[in-house]
């Protein structure tokens with residue numbers, strides 16, 4: 001299994017950051033690498049909530065597996081090539097003196113053998129680039145939202 005964490009400090013309260021992340025179907029409104037997103041489940045929050053995201057030619061299904069308001073949002077990602085056994089993203093929030101430290105951890109399992117582990121590392125590196133884009137988009141969105149509230 002490969003694991004990569006990207007972190008960004010955002011000048012916003014954890015509750016405000018959580019509100020954006022918890023609007024699970026609206027990620028395309030702030031993540032520039034997500035062209036379209038929508039909920040696929042009747043429920044809009046909590047474990048079991050499902051969304052579809054369109055990223056380029058890839059359509060992925062993301063299913064919430066951990067939901068701790070203001071602290072953690074984790075989801076599995078389905079729709080990647082079959083060589084990838086499982087992928088999960090975990091958003092973690094921690095209050096700082098200047099706002100919120102947001103971490104996005106991607107875990108990729110392609111299997112136990114060395115060639116499979118190499119594939120997992122490559123996929124994790126690609127996911128890290130997407131994570132950096134999402135974190136930057138979240139930061140921009142929070143700054144814009146804070147500016148609009150003044």
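Out of all the residues in region 11-18, is one or more in contact with a strand residue (DSSP E or B) (Cβ under 6 Å, 6 or more places away or on another chain) and under 16 Å from residue 130 (Cα atoms)?
No, every residue in region 11-18 fails to be in contact with a strand residue (DSSP E or B) (Cβ under 6 Å, 6 or more places away or on another chain) and under 16 Å from residue 130 (Cα atoms).
Which residues, counting only those in region 45-83, are in contact with a strand residue (DSSP E or B) (Cβ under 8 Å, 6 or more places away or on another chain) and assigned to a loop (DSSP other than H, G, I, E, B)?
Once the filter is applied, which keeps residues that are in contact with a strand residue (DSSP E or B) (Cβ under 8 Å, 6 or more places away or on another chain) and assigned to a loop (DSSP other than H, G, I, E, B), region 45-83 yields 45, 46, 47, 48, 49, 70, 71, 79, 80.
In region 108-150, how many are touching a strand residue (DSSP E or B) at 6+ places or on another chain (Cβ under 6 Å), in a helix (DSSP H, G or I) and closer than 14 Å to residue 1 by Cβ?
Counting residues in region 108-150 that are touching a strand residue (DSSP E or B) at 6+ places or on another chain (Cβ under 6 Å), in a helix (DSSP H, G or I) and closer than 14 Å to residue 1 by Cβ gives 5.
So, in region 96-131, how many residues would count as being surrounded by 14 or more Cβ atoms within 10 Å (Cβ to Cβ) and closer than 22 Å to residue 8 by Cα?
The qualifying residues number 17.
If I go through region 84-95 residue by residue, how many of them are part of a strand (DSSP E or B) and surrounded by 15 or more Cβ atoms within 10 Å (Cβ to Cβ)?
Number of matching residues: 7.
Output the qualifying pairs, or none if there are none: Cβ atoms under 6 angstrom, residues six or more apart or on different chains, first residue in region 109-121 and under 20 Å from residue 89 (Cβ atoms), second residue assigned to a helix (DSSP H, G or I) and modelled with pLDDT of 95 or more.
What qualifies is 110/116; 110/119; 110/120.
Among the residues of region 64-74, are any crowded, with 16+ Cβ neighbours inside 10 Å and farther than 24 Å from residue 1 by Cβ?
Yes; the residues of region 64-74 include at least one that is crowded, with 16+ Cβ neighbours inside 10 Å and farther than 24 Å from residue 1 by Cβ.
The values are calculated or read from the model by the stated rules, or taken from the named source; none is laboratory data. Because the structure is predicted, anything quoted here is derived from the model rather than measured. Because the Cβ atoms are built from the backbone with ideal geometry, glycine has one as well, and the counts that use them run over all protein chains shown.
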